[in-house]
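Novice: I'd like to ask you about the structure that follows.
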Amino acid sequence: MRLGIIGLPNSGKTTIFNALTGGESLTSAATNGQFEINTATVRVPDLRIDHLSDIYQPRKTTYTHITYVDIAGLDEGIGGGALPGQFRNELAQVDGFLHVLRGFDDQRAPHPCGAVDPARDLATIDSEFLLMDLLSVESRLQRIADERRVKGKKAKQSLTDQAPLFKKLKAHLESEQPLRSLRLSRAEDKLIRGFGFLTRKPVLAVINSGDDALDSSALSDLPYPNAGLVNIQGALEAEIAQLDAADAALFMEEYGISELSRSKVIRLSYDLLGIRSFFTVGQDEVRAWSFPEGATAPQAAGVIHSDLQRGFIRAEVFRYADLAELGSEFAIKNAGKQRLEGKEYRVLDGDILNIRHNS
Ligand SMILES: Nc1nc2c(ncn2[C@@H]2O[C@H](COP(=O)(O)OP(=O)(O)OP(=O)(O)O)[C@@H](O)[C@H]2O)c(=O)[nH]1
Ligand SMILES: [Mg+2]
């Protein structure tokens, strides 16, 4: 799962990237000529895994992960086609966006538009993205029209059949609505997925409030129904992310910070993408696995290993919440809280699974 960090120049994207990924990240910088795109994978904090690890004392504890991509190069005017292809590809390929909005004022790094105004900045990139999607939709419609014109009755039907859908997308974009607010059938959604439309992707808006913690009322001013919103003191958290755990704790105490926004942002990123977690437990390993909402037990087993999906017989299932309440697997079984589920079972977030399978 990949989230692209976007925002205007000097909004603090790289700072937030460092705050989220510093310390534990597996950083790789892909450089292609003049463009550098930073990518890092971080683990998703999960108190349930910490707790399971306390209970089972496994040799190994494994969390789920999420990848952040720091995508520079976005500015007013890119919607007209000015964005280099490398960045456009990155944008199309990520699963969602973390939109960094500048909330801090600092003369050493002036805001490109002069004054600080998060709502305006949000609208700026939103409308550039809208324009980019509109261009893609129009070029698809053009292609369909060309196909009809050139090939007449021999036109490829799988292509010409797309016309009504793309006209619908066009009308929606022309009314200045992002594609994520357009209701589509499952088949339609699948068909357009490969296009990587930017306004179809989910967005988490993050205000980099700089050195002052914003009060939350400042956040509610943003007219943005489809996005989560969170506030982070970018520079400060980026600095803390460089420290080891003991120093970080001292630092936080000194500045009166009880909890880092970092954890919250990572968790929200995970929720944003609609990912759910199930767990496997034992003395060898306690592990979180991510699966898409609605997955069946064999599909979830397939996340662990394709052999488990192929040879799936049944899943032994109990709930993390029940374990947390009852304290042990023994108590879970005594209370009749462990179930045997078959191929139709839809796995839920927080399920603890043991897959029975033919090997
Ligand atoms: N005072 C203050 N300055 C910050 C904060 N976060 C970032 N900055 C400064 O703002 C400038 C831009 O930060 P970056 O993180 O490089 O911003 P960016 O969005 O990655 O910039 P580009 O990649 O050039 O578009 C730098 O000079 C940072 O030091 C903050 O929380 N407080
Ligand atoms: Mg940067």
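Novice: Quick check of the Kirkwood formula: for the stretch 126-199, what is the inverse mean of 1/r over all pairs of different Cα atoms, in Å?
Specialist: After inverting the pairwise mean of 1/r, the radius is 12.8 Å.
Novice: Related question: Just name one of Thr15, Ala249, Phe129: the one whose Cα is farthest towards the positive end of the charge dipole of the chain (beta-carbon charges, Lys/Arg +1, Asp/Glu -1).
Specialist: Farthest towards the positive pole: Phe129.
Novice: Charges at C-beta only: +1 for Lys and Arg, -1 for Asp and Glu. How large is the resulting dipole of the chain about its Cα centre, in Debye rounded to 20? Can you show the working numbers first?
Specialist: Details: 42 positive and 49 negative charges, 552 e Å.
Roughly 2660 debye for the chain.
Novice: Taking the Cα centre of the stretch 294-357 as origin and charging only Cβ (+1 Lys, Arg; -1 Asp, Glu), how large is the dipole, in debye to the nearest 20? The partial results should precede the final answer.
Specialist: On the way: 9 positive and 9 negative charges, 46 e Å.
Using Cβ point charges on Lys, Arg, Asp and Glu, the stretch 294-357 gives about 220 debye.
Novice: Which aspartates and glutamates, if any, have their Cα less than 17 Å from the Cα of Lys337, not counting same-chain residues under 8 positions apart?
Specialist: Here the aspartates and glutamates satisfying the reach criterion relative to Lys337 are Glu316, Asp322, Glu325, Glu329, Asp349, Asp351.
Novice: What is the percent of Cα-Cα separations in the stretch 294-357 that go past 19 Å?
Specialist: Above the 19 Å cut-off, the stretch 294-357 has 30 percent of its Cα pairs.
Novice: Springs between alpha-carbon pairs under 10 angstrom, Gaussian network model over the chain: which of Ala155, Ala19, Ala205 fluctuates most?
Specialist: Between Ala155, Ala19, Ala205, it is Ala155 that shows the largest mean-square fluctuation.
Novice: Another question, if that's okay. Could you let me know the centre-to-centre spacing of the stretch 268-343 and the stretch 67-119, using Cα atoms, in angstrom?
Specialist: Here the two parts' Cα centres lie 38 Å apart.
Novice: Just how large is the dipole of the stretch 126-199 about the Cα centre, in debye to the nearest 20, putting +1 at every Lys and Arg Cβ and -1 at every Asp and Glu Cβ?
Specialist: 640
Novice: Taking the stretch 59-187, how much of its Cα-Cα pair set, in percent, is spaced more than 18 angstrom apart?
Specialist: 68
Novice: As an exercise, identify the GluC sites (Glu not before Pro) in the stretch 291-359 lying in DSSP coil whose Cβ has no more than 15 other Cβ atoms within 10 Å.
Specialist: Glu293, Glu344
Novice: 7 Å from Cα along Cα→Cβ at both Glu285 and Thr62: what's the point-to-point distance in nm?
Specialist: Those two pseudo-labels are separated by 0.2 nm.
Novice: Could I ask something else about it? Let me have the 222 nm mean residue ellipticity of the chain computed from DSSP H runs of 4+ only, each contributing -39500 (n - 2.57), with the sum over all residues rounded to the nearest 500.
Specialist: Computed mean residue ellipticity for the chain: -12000 deg cm²/dmol.
Novice: Under 5 Å between amide hydrogens, which residues at least 5 positions from Asn231 or on another chain qualify, with H placed 1.01 Å from N in the peptide plane?
Specialist: Ile207
Novice: Put +1 on the Cβ of each Lys and Arg and -1 on the Cβ of each Asp and Glu in the chain; which of Ser263, Leu229, Ala295 then has its Cα farthest toward the positive end of the dipole?
Specialist: Ala295
Novice: Run the reach check for Lys168 against lysines, Cα to Cα strictly under 21 Å, same-chain hits fewer than 8 apart removed. What comes back?
Specialist: Partners within reach: Lys156, Lys190, Lys201.
Novice: For the chain, what is the relative contact order in percent, using Cα pairs closer than 8 Å and at least 6 residues apart in sequence?
Specialist: Numbers: 610 pairs, mean separation 70.2, N = 359.
Dividing the mean separation by the residue count of the chain yields 20 percent.
Novice: Follow-up. Can you pull out the trypsin sites (Lys or Arg not before Pro) in the stretch 99-153 that DSSP calls coil and that have at most 11 other Cβ atoms within 10 Å? Show your work: numbers first, answer last.
Specialist: Numbers: sites: Arg102, Arg108, Arg120, Arg140, Arg143, Arg148, Arg149, Lys151, Lys153; in loops: Arg108.
Of the trypsin sites (Lys or Arg not before Pro), the ones in loops of the stretch 99-153 whose Cβ has at most 11 other Cβ atoms within 10 Å are Arg108.
Novice: Using 0.36 nm times the number of residues separating Arg186 and Lys170, minus their current alpha carbon distance, what extension gain do you get? Before the final figure, lay out the partial values.
Specialist: Details: separation 16, 0.36 × 16 = 5.76 nm, distance 1.87 nm.
Difference between extended and current length: 3.9 nm.
Novice: Something else about it: Using the membrane-span-like helix rule (whole DSSP H runs, Cα extent along the own axis of at least 27 Å, mean Kyte-Doolittle hydropathy at least -0.5), which helices of the chain qualify?
Specialist: 118-151
Novice: Any chance you could list P(r) for the chain, counting all Cα-Cα pairs in 10 angstrom bins from zero, rounded to whole %?
Specialist: Histogram of Cα-Cα distances, whole percents per bin: 5, 20, 26, 23, 17, 7, 1, 0.
Values in this text are rule-based calculations from the coordinates and carry no lab data. What you see is a predicted model; the values in this text were computed from it and never measured. A quick note on method: Cβ atoms are made from the backbone with ideal geometry, for glycine too, and the neighbour counts reach across all protein chains shown.
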